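The structure appears below as structure tokens.
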Amino acid sequence: MGTLFFEFALTCYFAATIIGIIDLFRGQKEPSPIVVWITAAGFMLHLAAIIIRYAVAGQIPITSMHESASFFAWCTALIYLVLHFRYRIGILGSFIIPLIFLIMLASAMLPRVIKPLTPALQSSWLLFHTTFAFLGFAAFTVAFGVGVMYLIQEHHLKAKRLTGLFQRLPDIQVLDEISYRLITFGFPLLTLAIITGALWAQDAWGTYWRWDPKETWSLITWIIYAMVLHIRLVVGWRGRRAALLCIVGFLAVLFTFFGVNFLLKSVHSF
Amino acid sequence: MGILVVGLNHKTASVDIRERLAFNGPKLEEGLRGLHALPDVHEAALLSTCNRVEIYASVRAADSAADQIKEYLAAFHGAPRAEFEASLYCHVDADAIRHVFRVAASLDSMVVGEPQILGQLKDTFDYALTRKTTGIILNRLMKKAISTAKRVRNETHIAENAVSISFAAVELARKIFTELSTKAVMLLGAGEMAELAARHLVTNGVQNIRIANRTYERCCELAEEFCGMPVRFDDYLSQMVNVDILICSTGAPTYVLLKDQMQKIMRERRNRPVFIIDISVPRNIDPAINDLDNVYLYHVDDLQQVVDTNKQERQKEAAKAEEIIHEEVGKFERWLASLDSVPLIVALRDKATGIKQDELEKFVAKHPGLDQQTIAEIDYLLSAVVNKMLHYPTVALKETNGDRDAVLSVVKKIYGLNGDDDE
């Protein structure tokens, strides 16, 4: 049952991705509003899938790579939908939904067995730690998409090519502002995730910090975004350089989330 | 029965002639009534704007009606016919329909794609409608002209993108800044184009405007005009820290803003974006400044190029628009042809005979015992009823005077013969 809803959600994200990408190449004035509605439908189905899995497993369904990637995608969809209805930028979906779909696809390809949690990890820290971490990651993911939009639009302006996509991307100032806001939203969450993670580790294993690869890479990601904010506030870096840093930061997010688990050995099962 | 357009526009007539033949104020009503009263004119509408004067009419015979209209124009305006006749164009039937659709879709305008003309055309027909000088043909022509124009606007990009330099500048500013009302503009030097660009920015919400000019008098003059703040010319560099949009047109022989100066300014501005428009020839702003982050420098040549590209785009879109119009003209012609009474009478008879035949066959199928003789008699009886029923409508349709068009449309409606596919 939960699996079925999961597949429906995946299908919705896929459909929205395809329509969104087609929109990019269509010389139409406004991208079709259908993209956001399909995504919203996918988001609701996805929520149902998560709730059902919670009921079936009897534990918060963020305990395996499959589950946490799925939760990551859901958080990203949430942030996308909020941004869409806040800023009404039709073309936004064409850049963000493919990311949601890819994370979801990764989740779909990972083993779906429900593994009961080891007693050491059964605590309410799990909920806080993972929610903070994935909402933060989701904000950085959307900031990456917006950063790409910024770089494309900035290139149009500098190269003085003012047709096609240029007409449909919003002004660069709003893109810069959105990406800044996303980082000021995501950064404290990542900070909280690291803190709750340390407290939880103390609770479960007796040490706050063990230089586990996941911990190390979270710290690297944290430092990168701290730099983005610092340089912006102190030196006044904004625009292109800030957008480039967002992209570097997102690569760190990806490595922290996927890379560490597949390439390095970590106590984190997700 | 036909549709006729007689008129002149900015392409065919000089301003003198256009002014001479214009129907301004009270002349419009008088002129419209006069045209409607012409013997061969059935329905009439009259458009008079600064760029065109056009008469739309449904007429009995195009040639004689055109002649009467020209004669009327000469008499009404007291202008000898020879003086303006060469500037006039006459379009008949399909060409006339196409012309009206093209005017509505703004393909015939001085600036292709400008939207005002559709509103003017609507007013023209509303005006005629309230004065009862139009009937079913022109009313429908107008309705279709509007829907065609809307189709063109929705399905092509004809009305998008700026086609003048000052509008292109505003459009660019909107792609750099979210909100123009909080941005500061500085006008460095003056010139027609620079002032025009500044004026467009003001109408688009810019409130804070500074003026720097070598001659202080001119500076104050402009400041007053734009409700701006005069700035000493020597201070322009220090002002740049707070200026988001710079319009430069000083006529200086060298650069007035260099890359390293701008770099310093950007640091002080903490990299808030700056849009610089250099309208001067030779350039007043070092083109290398465009390489700096968050600085967008456009020279007048760049803007000209943007405008040229946009114009080309409009031309391309105009070709698409012509196809849409071609299609719509075809539809309208089919409707017009269906107004003709002969095919309608035939269609009416066909329909009635068809119904009679169907009912007869059903009856025969239900009563298998009937012999040929009886069937023939029933057939005869039904035919007689059908013919009697059709007699009066047929006579009414064959009448050529009076409200023939109205009769045609009523007959079509009550017998369900509307060959019109989109209603």
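The values are calculated or read from the model by the stated rules, or taken from the named source; none is laboratory data. A quick note: this is a predicted structure, and the numbers were derived from the prediction, not measured. Here the Cβ is made from the backbone with ideal geometry for all residues, glycine too, and neighbour counts use every protein chain on show. Heavy atoms of the whole protein, side chains included, go into the accessibility calculation; ligands, DNA and RNA do not. Shrake-Rupley method; radii C 1.70, N 1.55, O 1.52, S 1.80 Å.
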Inset, instruction - Report the residues of the range B:362-395 in range of a label on B:Ile136: point 7 Å along Cα→C-beta, backbone N strictly under 20 Å from it. - result: B:390-395
Inset, instruction - Provide a whole-number value for the mean count of partner chain Cβ atoms within 10 Å of the Cβ atoms in peptide B:292-298. - result: 4
Legend entry - For the range A:128-270: Kirkwood Rh in Å [reciprocal of mean 1/r, alpha carbons]: 16.1 Å
Legend entry - the range B:2-155 - convex hull of alpha carbons, volume per residue in Å³: 98 Å³
Legend entry - Local electrostatic count, B:Phe233, Cβ distance below 13 Å [Lys/Arg +1, Asp/Glu -1]: +1
Inset, instruction - Pop out the carbon and sulfur fraction of the accessible area of chain B as a percent, whole number, probe 1.4 Å. - result: 54 percent
Inset, instruction - For chain B, count all C-alpha to C-alpha pairs, find those more than 34 Å apart, and express that count as a whole percent of the total. - result: 55 percent
Inset, instruction - Only counting protein heavy atoms at a 1.4 Å probe, give the residues of the range B:145-160, ordered by number, whose accessible area falls by 30 Å² or more when the other protein chains are present relative to the chain alone. - result: B:His157, B:Glu160
Legend entry - Highest-MSF residue in chain B out of B:Arg151, B:Arg199, B:Arg18 [GNM, Cα springs under 10 Å]: B:Arg199
Inset, instruction - Take the Cα atoms of the range B:263-342, find their three principal axes, and give me the spread along each one in whole Å, biggest first. - result: 84, 29, 15
Legend entry - the range B:340-414 - accessible surface per residue (Å², probe 1.4 Å): 70 Å²
Inset, instruction - Express the Stokes-Einstein translational diffusion coefficient of the range B:293-408 in µm² s⁻¹, to the nearest whole number, given a Kirkwood radius over alpha-carbon pairs, 25 °C and a viscosity of 0.890 mPa s. - result: 120 µm²/s
Inset, instruction - Quick one: grab the alpha carbon gyration tensor of the range A:1-103, order the square roots of its eigenvalues as a ≥ b ≥ c, and give me rounded if a/c is under 1.5, else prolate or oblate depending on whether a/b is larger than b/c. - result: prolate
Legend entry - Summed side-chain charge close to A:His156 - residues other than A:His156 whose Cβ falls under 14 Å, Lys, Arg +1, Asp, Glu -1: +3
Inset, instruction - Lys and Arg at +1, Asp and Glu at -1: add these up for the other residues within a Cβ distance under 13 Å of B:Ser164 and post the number. - result: -1
Inset, instruction - Report the Stokes-Einstein translational diffusion coefficient (µm² s⁻¹, integer) for chain A, Rh taken as the Kirkwood radius over Cα pairs, at 4 °C with viscosity 1.567 mPa s. - result: 67 µm²/s
Inset, instruction - Give me the accessible area per residue for chain A, probe 1.4 Å, as a whole number in Å². - result: 43 Å²
Inset, instruction - For helix B:192-203, report the angle its Cα long axis makes with the longest principal axis of the Cα atoms of chain B; keep it between 0 and 90° and round to the nearest 10°. - result: 70 degrees
Inset, instruction - Mind grabbing the interface size between B and A? I mean buried accessible area, both sides, 1.4 Å probe, in Å² to the nearest hundred. - result: 2300 Å²
Legend entry - Three-way shape call for the range B:340-414 based on the alpha-carbon gyration tensor, with the a/c threshold at 1.5: prolate
Inset, instruction - Between the chain alone and the structure with every protein chain in place, find the residues of the range A:133-158 that drop at least 30 Å² of accessible area; heavy atoms, 1.4 Å probe. - result: A:Leu157, A:Lys158
Inset, instruction - May I ask you to derive the FRET efficiency for B:Val407 and A:Ile247 from their Cβ-Cβ distance with R0 = 56 Å, giving the value to the nearest 0.05? - result: 0.15
Inset, instruction - Express in whole angstrom the spacing between the alpha-carbon centres of the range B:315-346 and the range A:178-220. - result: 69 Å
Inset, instruction - Would you jot down the residues in the range A:232-252 that end up with at least 50 Å² less accessible area in the complete protein assembly than in the chain alone, with a 1.4 Å probe? - result: A:Arg238
Inset, instruction - Report relative contact order for chain B in percent, whole number only (criteria: Cα-Cα under 8 Å, sequence separation at least 6). - result: 12 percent
Inset, instruction - Once you've got the GNM for chain A with C-alpha springs shorter than 10 Å, pick whichever of A:Phe72, A:Phe134, A:Phe185 has the biggest mean-square fluctuation. - result: A:Phe185
Legend entry - Peptide-level mean, for A:161-174, of C-beta atoms on other protein chains within 10 Å: 5
Inset, instruction - Kindly identify the protein assembly as shown as rounded, prolate or oblate by the Cα gyration tensor criterion: order the square roots of the eigenvalues as a ≥ b ≥ c, call it rounded if a/c is under 1.5, otherwise compare a/b with b/c, prolate if a/b is larger, else oblate. - result: oblate
